[in-house]
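Participant: Okay, handing you the structure first.
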């Protein structure tokens, strides 16, 4: 556990303000509000989950001050999407009631993973386009291969139902630090402030994605690529 995270958790044991209401994704056998209430109840019933949830909120607030305004806003939207997606770890009966199976283990894994990602976000806007970048939909790795060449790997999935996945591998060449287009003409990568914006520019549909899938989106740097 990092020193920064340990400090967060120590503070949270002393003070844990309430979190605001958020909408949830559509689910079979249950209304959206009911699914979010079930998530909230499961978190409130477990002290460690409650600490993780508030640590996430505190880190998000900190990044709101460190990132540029557009990147911070994009991260807040992604965090809200992730928070709503927690309802997919809950199982409901046909009558809409929550299954008795304890969902907290699944919630804990997802919440710990997301918090660790937020803790690793790098806010320095002068980073080159190379690196490992994450978003709520998945991850992009841009490895510098020398002489302006880059290797790109992207893996994304449907956030709420895992109804589709995308796995892209390609190469590109650019001597700019903030822009790259893949050699196959499929993707454009552009660093804007503290984030990476990935745009699909090739024809649709694409063979590296499932139906309705995409690797497009906003990503945040969490480390160096191999």
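The values are calculated or read from the model by the stated rules, or taken from the named source; none is laboratory data. Everything numeric here is computed off the predicted structure, so don't read it as measured data. Here the Cβ is made from the backbone with ideal geometry for all residues, glycine too, and neighbour counts use every protein chain on show.
Participant: Quick check on the range 168-191. Is at least one of its residues in contact with a helix residue (DSSP H, G or I) (Cβ under 7 Å, 6 or more places away or on another chain) and surrounded by 14 or more Cβ atoms within 10 Å (Cβ to Cβ)?
Facilitator: no
Participant: Looking at (1) in contact with a strand residue (DSSP E or B) (Cβ under 6 Å, 6 or more places away or on another chain); (2) modelled with pLDDT under 90, can you tell me which one residue 128 breaks?
Facilitator: (1)
Participant: Can you tell me which residue is surrounded by the fewest Cβ atoms within 10 Å (Cβ to Cβ) among those in the range 192-201 that are outside any strand (DSSP E or B) and touching a strand residue (DSSP E or B) at 6+ places or on another chain (Cβ under 9 Å)?
Facilitator: Top of the filtered list is 201.
Participant: Write out, first by first residue and then by second, each pair whose Cβ atoms fall under 8 Å of each other, whose residues are 6+ apart or on separate chains, and whose first residue, in the range 202-226, is part of a strand (DSSP E or B) while the second is modelled with pLDDT under 80.
Facilitator: Taking only residues 6 or more apart or on different chains, the pairs are 221/127.
Participant: Condition first: in a helix (DSSP H, G or I) and more than 13 Å from residue 119 (Cβ to Cβ). Now tell me which residues in the range 62-74 satisfy that.
Facilitator: Within the range 62-74, 64, 65, 69, 70, 71, 72, 73, 74 qualify.
Participant: Sort through 40, 53 and tell me the only one that's within 20 Å of the chain's Cα centre (by Cα), more than 25 Å from residue 125 (Cβ to Cβ) and modelled with pLDDT of 95 or more.
Facilitator: Just a single option satisfies the conditions, and that option is 53.
Participant: Looking only at residues in the range 132-155 that are within 14 Å of residue 219 (Cα to Cα) and more than 16 Å from the chain's Cα centre (by Cα), which one is surrounded by the fewest Cβ atoms within 10 Å (Cβ to Cβ)?
Facilitator: Step by step, filter the range 132-155, then rank; the result is 153.
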